Each structure stands twice: as structure tokens, then as C-alpha cells.
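Let me begin by presenting the structure, written as C-alpha cells, before commenting on it.
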Amino acid sequence: MQPAAYGIPFPPTDCCFFLDFDGTLVDFAATPDTIEVPGELVSLLAALAAAHDGALAIVTGRALPDIDRHLAPLRLPTAALHGTVRRNLAGQLYGGPHAVDFATRTSMVRERIDVWLAAHPGLLLEDKGLALAVHLRALPYEVRLLHELQAALHGELTPFLPEGVELLNGNLVVEVRPRGADKRSAVEAFLAEAPFRKRLPVYLGDDLADINAMAAVESRGGLAIAIGHRLQKHYHLPSPTAARAWLANCMKRGGAP
């Protein structure tokens, strides 16, 4: 691999890409529905996937229909809901309990969340079907207070979790999700099948949920790049704008040394 912008080497042509979405490819917004997808992103991802025989996957906390809507008309290989649901290049779906079962089992958690919603105007519940995300980003508090509130919410919900359900802290979000599958297991599943198999993995992510997946990539000699300032990695890009620019430069270089 040869040096590139920000001191991050360009990957070789026989690489594959795993890309987080919010905070990595697009900037955060006050609510998940108000993000702005840059006009060049869809064409960039399409070109990058085509240049690497389809070996590009989105690895996201969003639900699968949501990510497809934001990246239409693309239907990329995707690990959605932090790996709970995975779609491969052929369109096969893996994982995920039934949404109705998940809703029934988490009814007490939902009741506690409703109490918090009433007490903190601006707190947002995102029902993803197979996960519940409580977003704090729109609350009119200082960041330090937001982090304290996030920790308090995590502690409040913990006693009401049924077996097989866990809490995941993200960037000003607390997520209730099925235990088991995560971003690392999703990346490893992709790497075991075509077109990702035997390719050098490259992972871009910005949040705590990306750490284990990054470790899996690095254990294979791949490239893990942290976006923003939440993660401490050897390779770092300051923003989604910089991440898109780096990917575009990879495209221009063709991934070649």
C-alpha cells in the first residue's frame, strides 16, 4: 500500500470495503430522518463497488429498508441494525428475530423509555422493528450533560432487559437490540463469501460499535480508519467529507500502488 491523503495508504486493487454510514459517509443530524445524503455519494459507492467486483458493504445501525431508501437506487450488500440483519451480494437475507416477538419481549423497556420521553422533551425514540434507538442529539443540553444523561438512561433500562436483549451505547444514542450478532460477526460472514473472500479488507467507522469489526479487519492485515474523534486508531480522517474524498481518491488511483 502506498501513501495517500492524511498519511493513509491507498489499498491495493484486491481489497474490499466495509463502510459505516452515519458519522462516516454522512454527517449526523438532529434526527435520523433529517440527514443530508451528499449528491455524489451514491455514484461514488456505485463506482467503487463496480471497480472491486461488488466487494463493498454498508455496515450500519440503520434498518435495511432505511439504508436502501437513502442510497436508492443502490441495493448494496449490507449489515443492518449493527449486524442483526445481513444481506449479501446475491440478495440473500440472514439473521434477525421476528419484529413482533422482539416488540413483545421488550414491552417493559418501552414503558420505561416512554417515561423518559415525557420527562425530557427532545428525546427521540426510533423504532427499527428489531431494535429501539433512543436519540439524545436533539436535546438542548451541553455535551457533558448529554453524556451524563445517556449513562443514566443506560442504567435505568438495564434492569428491564429480557434474556437475549442488550443495550448498545453509540454517539448520543442508546440502542436496545437482540444480543448476539454484531458488526464484527457480519464482517467475518462477508469475508467468508464471494466477492469479499481473499480480499484485503478496509473498514471506515466512527463509533464504539465499529471497534470489534475494525479489530477483525486489522487481524487480517487490513486497514481500519476512524472517522471523527470518538475512536483512537492509527489511521484517522476528520469528517465524513474527508472520508468521501479519500474514497474518491482511492477510486481515481484505482486502488493501485
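Before moving on, here are some points about what is shown:
- Packing rank of 94-102, 44-52, where each peptide gets the mean count of other beta carbons within 10 Å, highest leading: 44-52, 94-102
- Estimated inter-spin distance, ALA47 and HIS236, nm [label 7 Å along Cα→Cβ]: 2.9 nm
- The Cα atoms of the chain cover 55, 38, 33 Å along the three principal axes, with the biggest extent listed first.
- Under-5 Å amide H pairs with VAL202, H placed in peptide plane, nonlocal only: CYS16, PHE17, PHE18, LEU223
- Total formal charge among the other residues, if their Cβ is under 15 angstrom from that of GLN232, Lys/Arg +1 and Asp/Glu -1: -2
- Contact order, relative form, for region 122-257: 15 percent (alpha carbon pairs under 8 Å, 6 or more residues apart, mean separation divided by residue count).
- Computed E for ALA119/ALA90 - FRET, C-beta separation, R0 45 angstrom, nearest 0.05: 0.45
- Straight-line cross-link reach from LYS183 at under 23 Å between alpha-carbon atoms covers these lysines, not counting any fewer than eight positions away in the same chain: LYS128, LYS198, LYS233.
- Added length on full extension, which subtracts the Cα-Cα distance from 0.36 nm per residue, MET251 to ALA99: 50.9 nm
- Between LEU208 and ASP33, the modelled labels are 2.8 nm apart [label points 7 Å from Cα along Cα→Cβ].
- Ranked from largest, the principal axis spans of the Cα set of region 99-178 equal 37, 18, 18 Å.
- The antiparallel fraction among DSSP beta bridges confined to the chain stands at about 50%.
Only the coordinates and a few stated rules stand behind these numbers; no lab work does. The shown structure was predicted, so the numbers you read here are calculated from the model rather than taken from an experiment. Cβ atoms come from the backbone with ideal geometry, glycine included; neighbour counts cover every protein chain shown.
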